[in-house]
Amino acid sequence: MPVIPRILDHVDELTAIRRDIHAHPELGFEEQRTSEIVAAKLAEWGIEVHRGLAKTGIVGTLRRGNSLRSIGLRADMDCLPMQELNEFAHASTHSGKMHACGHDGHTTMLLGAARYLAETRNFNGAVHFIFQPAEEGGGGGKVMIDEGFFEKFPCDAVFALHNRPGIPVGEMAARPGPLLASSDRFDIRIKGKGTHAAHPHAGIDPFVIGAQIVLALQTITSRSKDPVETSVVSVGFMRGGSAYNVIPDELHIGGTARAFRPEVRDLIERRVGEIARGIAGTFGATATVDYARNYPPTINDADETAFAASVAAEICGETGVRNNYPPSMGSEDFSYFLEKRPGAMLWLGNGPGEGGCFLHNARYDFNDSAIPTGASFLARLAERFLEREAKPS
Ligand SMILES: [Zn+2]
Ligand SMILES: [Zn+2]
């Protein structure tokens, strides 16, 4: 596989860094140790280090030549609040924290690319290496942008990788347009009237109302939305009550909604409110609805995706790149970067995975044999991007 030989030379050090970060996972905005490792390595390789964005965010900048072209390459550094079940030597030493999404690998591969580019400097322009905190729900990418990332570090385009089980190691996948969905949350609080469970007629039962709301929420995707559009509405919890023989006053229902297009997102928000309030009203109860918009959909720019896929083919071979890979209803805060600049996120094969497990599984582990492919791709992407002519604006 034609990965960059010079990156292969450093694979032992990169693997050691990856396993060290895996063994010491840190939650969003708490990536002190991880960001210290990143900053120290960047400085050691002669890369300008900028701290201070989004608490633990680090940006490394390399410039060469007189071109005003610039590219941003982004990795995420945070772990998940879950207990690791692996027992290998580099398993998490932090109780209740685990790198189950492979961000340890993302950070390591971007370091590998940074080292190569710092040593070879075979480009004309600027490369910004973006190490962001808090991808797993905290929106660290958004915080970096809100705190002035693009003003301080102008980028013509931005790119990222995410590891993906189910794609063989040494292969990659790309998709123009919608890659990942938006991620919104809703809270429905039904206020009925508590009573003795043997005397339901003396109260207003929020469970019976809540059960009908849960069923009716499924009609948003099956009956309110155009069937050719994709979306998901899922209830994640129902909380209420405390005794076998008591009908409580209140029930709290919470869940998530995913979509690719803003119009569908608007429709879901409107219908969740109408359904909850309407059904509650039918039974003499009230419902209050909070709908919170979290990550926007991750939309890859078509031209930049084609460009990145052509670079992936240089590293993985033509048959090693899957184009038009199916979209997923997961979400990513790289979406905030892609709202501001053209670019793309690509999938990097992680192999079948230990026991075939997927991301966010308590036995997940980033596959170290994918490091050369990912680091080579990011490095070559920067070189190729900066040798391209600027698009006329
Ligand atoms: Zn994740
Ligand atoms: Zn992730």
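The values are calculated or read from the model by the stated rules, or taken from the named source; none is laboratory data. Everything quoted here is computed from the prediction, not taken from an experiment. Glycine gets a Cβ as well: all are built from the backbone with ideal geometry, and neighbour counts include every protein chain shown. Quick note on the areas: whole protein, heavy atoms, side chains included, nothing else; ligands and nucleic acids left out. Shrake-Rupley method; radii C 1.70, N 1.55, O 1.52, S 1.80 Å.
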Checklist (1) part of a loop (DSSP other than H, G, I, E, B); (2) of a type in the set (A, V, I, L, M); (3) touching a Phe, Trp or Tyr at 6+ places or on another chain (Cβ under 7 Å) applied to A160, failing item:
(1)
Looking at (1) open to solvent by 10 Å² or more (accessible area, probe 1.4 Å); (2) outside any strand (DSSP E or B); (3) over 30 Å from S67 (Cα atoms), find the lone condition where D187 falls short.
(2)
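Being of a type outside the set (S, T, N, Q), more than 16 Å from ligand 1 (Cβ to nearest atom) and open to solvent by less than 50 Å² (accessible area, probe 1.4 Å) is the requirement here; does L179 meet it?
no
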Quick check on region 262-304: of everything there that is closer than 18 Å to A211 by Cα and in contact with a Ser or Thr (Cβ under 7 Å, 6 or more places away or on another chain), which residue is surrounded by the fewest Cβ atoms within 10 Å (Cβ to Cβ)?
R271
For the list (1) more than 16 Å from ligand 2 (Cβ to nearest atom); (2) under 13 Å from P176 (Cα atoms); (3) within 19 Å of the chain's Cα centre (by Cα); (4) outside any loop (DSSP other than H, G, I, E, B), I need the number of the one condition that A292 fails.
(2)
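Output the residues belonging to region 221-239 that are within 23 Å of the chain's Cα centre (by Cα) and polar (S, T, N, Q).
Within region 221-239, T230, S231, S234 meet the criteria.
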Matching residues, region 65-106, being within 16 Å of D20 (Cβ to Cβ), within 20 Å of the chain's Cα centre (by Cα) and small (G, A, S)
A75, G102, G105
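Identify, please: which residue in region 119-141 is under 12 Å from the mean Cα position of the chain (by Cα) and part of a helix (DSSP H, G or I) and is, among those, nearest to N66 (Cα to Cα)? Walk me through it before giving the result.
Of the residues in region 119-141, the ones under 12 Å from the mean Cα position of the chain (by Cα) are 132-141.
Keeping just the survivors that are part of a helix (DSSP H, G or I) gives 140-141.
On the way: G140: 32, G141: 29 Å.
Result: G141.
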Can you tell me how many residues within region 63-103 are within 16 Å of ligand 1 (Cβ to nearest atom) and closer than 27 Å to K340 by Cα?
10
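Of all helices (runs of 4 or more DSSP H) completely enclosed by region 1-107, which ones contain at least 1 residues that are within 16 Å of ligand 2 (Cβ to nearest atom)?
11-23, 32-44
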Could you say whether any residue in region 132-150 is under 18 Å from V49 (Cβ atoms), more than 15 Å from ligand 1 (Cβ to nearest atom) and of a type in the set (A, V, I, L, M, F, W, C)?
yes
Of the residues in region 306-337, those that are small (G, A, S), closer than 16 Å to G349 by Cβ and assigned to a helix (DSSP H, G or I) come to A308, A309, A312, A313, G320
Taking A157 as the residue in question, decide whether it is open to solvent by less than 10 Å² (accessible area, probe 1.4 Å), within 22 Å of Q32 (Cα to Cα), away from ligand 2 (no atom under 16 Å from the Cβ) and among the aliphatic types (A, V, I, L, M).
no
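Looking at E314, E332, which is the one that is open to solvent by 10 Å² or more (accessible area, probe 1.4 Å) and either away from ligand 1 (no atom under 16 Å from the Cβ) or within 23 Å of the chain's Cα centre (by Cα) (or both)?
Details: E332 fails: open to solvent by 10 Å² or more (accessible area, probe 1.4 Å).
Only one candidate passes the filter, namely E314.
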Inspect all residues belonging to region 110-131 and state whether any of them is under 15 Å from E26 (Cα atoms) and surrounded by 22 or more Cβ atoms within 10 Å (Cβ to Cβ).
yes
Show the residue pairs meeting these rules: Cβ distance below 8 Å; 6+ apart or different chains; first residue within region 176-192 and under 25 Å from F283 (Cβ atoms); second residue open to solvent by 50 Å² or more (accessible area, probe 1.4 Å) and among the aromatic types (F, W, Y).
G192/F283
Mind checking which residues of region 92-133 are aromatic (F, W, Y) and within 15 Å of L386 (Cα to Cα)?
F123, F129
Any pair with Cβ under 6 angstrom, 6 or more apart, that starts in region 86-102 at a residue that is without any contact (Cβ under 8 Å) to a residue 24 or more places away in the chain and ends at one that is more than 16 Å from ligand 2 (Cβ to nearest atom) and part of a loop (DSSP other than H, G, I, E, B)
G96/Q83
Please work out if T319 is polar (S, T, N, Q), at pLDDT 95 or above and surrounded by 14 or more Cβ atoms within 10 Å (Cβ to Cβ).
no
